[in-house]
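Enquirer: Submitted below is the structure of interest, expressed as structure tokens.
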Amino acid sequence: MQFYMAPLEGITGALFRTIYQKHFFPFDRMYTPFFGNTGFNTKELKKSDPAKDSVPVIPQILSNKAEDFLQIAAMMKECGYETVNLNLGCPSGTVTGKGRGSGFLRDIPALSAFLDEIFEKCPLPISVKTRVGYDDESVWPELLTLYNRFPMTELIVHPRLKTDMYKPPVRIGTFAYAYEHAKMPLVYNGDICTVSDYEQLIAEFPEIKAVMIGRGMLRNPGLLGELHGQAPVSDDEIRAWLTELKEENLKAFTETPTLFKLKEIWAYLQDRYPDRKKELKQLFKSKKLYEYENAAASLFR
Ligand SMILES: Cc1cc2nc3c(=O)[nH]c(=O)nc-3n(C[C@H](O)[C@H](O)[C@H](O)COP(=O)(O)O)c2cc1C
């Protein structure tokens, strides 16, 4: 089984990915958060070096215009990447309102024309990450029939509708349908947060190619190690990871965005510390890095 790091916009940039892989059991493959317009700065892409990285990094594109997708893919090729991923899952209103991400799933004829063009002209192989519909899962068989027409390297399915946002549970029946009918290698994504979540999934779907994990690795950064039979990570290991993240972020950004990034991680990591509510409250309230550090120190006391 392969394990992929999910793209998490605002969290899993190049710095996060490098430091995560150094401190914890490494993923087999990592997907970047989406690049959504042709004018983007390639600096972030160049921070990962496809030629030197021991683990493949796959850049993701969010677009509903074939011309833009192809232009971005060409830039990614120039940066040395060997494959790209198409985002058909993002549920954010600002994205779906423009018919992108899971908003594109509402217009199957337009999606079909888009896929025809990008698969014909893209200079790199394409994988797709998708939700199973916009507001009605009965379109899923039609969507899957459409996807089956294209030579995608893999289909990553997050079995939720756009309107589900992140509300549990996932629509496992739609994944079961894909398991039966998908012609391409299939990757599962969604709500894998413990070894037992993983074991249940694999008992039901033993032949999937890979499992993609996002929030579960933030709630428990030792999850991947545990999935490989390692002991849970200690607070000291988590502290060392956060310290390096902070220090490296401070080299690239000022205090405020660094603090913001750390708090975003803590929004998930806090689940590990249900008995430290007071310290967590202090941590989230902190406006200065030294206040954050004091709160984190007492949390890890
Ligand atoms: C903060 C945040 C940012 C995300 N950014 C992206 C993104 O850039 N591209 C994408 O395909 N999915 C994105 N997702 C969705 C995740 O990749 C993943 O599909 C979703 O969180 C379900 O998997 P999980 O339960 O393992 O987290 C994001 C999710 C969150 C919570």
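The values are calculated or read from the model by the stated rules, or taken from the named source; none is laboratory data. Please read these numbers as outputs of a predicted model, since none were measured by experiment. Quick reminder, even Gly has a Cβ in these numbers, built from the backbone with ideal geometry, and neighbours come from all protein chains shown.
Enquirer: Being more than 22 Å from LYS47 (Cα to Cα) and in a helix (DSSP H, G or I): is that true of ARG301 here?
Expert: no
Enquirer: Please find, among GLU264, GLU291, GLU279, the residue that is more than 22 Å from ASN220 (Cα to Cα) and modelled with pLDDT of 95 or more.
Expert: GLU291 is the lone residue from the list that is more than 22 Å from ASN220 (Cα to Cα) and modelled with pLDDT of 95 or more.
Enquirer: Return yes when GLY133 is under 21 Å from the mean Cα position of the chain (by Cα), on the phi > 0 side of the Ramachandran plot and in the same structural domain as TYR147 (by TED's automatic domain parsing) and no when it is not.
Expert: In short, yes.
Enquirer: Filter the stretch 215-231 down to the residues that are in contact with a helix residue (DSSP H, G or I) (Cβ under 9 Å, 6 or more places away or on another chain) and surrounded by 14 or more Cβ atoms within 10 Å (Cβ to Cβ) and list them by number.
Expert: Passing the criteria: ARG215, GLY216, MET217, LEU218, ARG219, ASN220, PRO221, GLY222, LEU223, LEU224, GLU226, LEU227.
Enquirer: Additional query: Show the residue pairs that are 6+ apart or on different chains and have beta-carbon atoms under 6 Å apart, the first residue being within the stretch 81-102 and under 10 Å from ASN64 (Cα atoms), the second being away from the ligand (no atom under 13 Å from the Cβ) and part of a loop (DSSP other than H, G, I, E, B).
Expert: Hits for this filter: GLY99/ASN64; ARG100/ASN64.
Enquirer: Only one of GLY39, GLY89, GLY103, GLY97 is surrounded by 16 or more Cβ atoms within 10 Å (Cβ to Cβ) and more than 18 Å from ILE126 (Cα to Cα). Can you tell me which?
Expert: GLY103
Enquirer: Out of everything in the stretch 243-261 that is touching a Leu at 6+ places or on another chain (Cβ under 7 Å) and closer than 16 Å to SER286 by Cα, what residue ends up being surrounded by the fewest Cβ atoms within 10 Å (Cβ to Cβ)?
Expert: The residue in question is GLU255.
Enquirer: Quick check on my filter: what residues within the stretch 122-160 are part of a strand (DSSP E or B) and within 20 Å of ARG171 (Cα to Cα)?
Expert: VAL128, LYS129, THR130, LEU155, ILE156, VAL157
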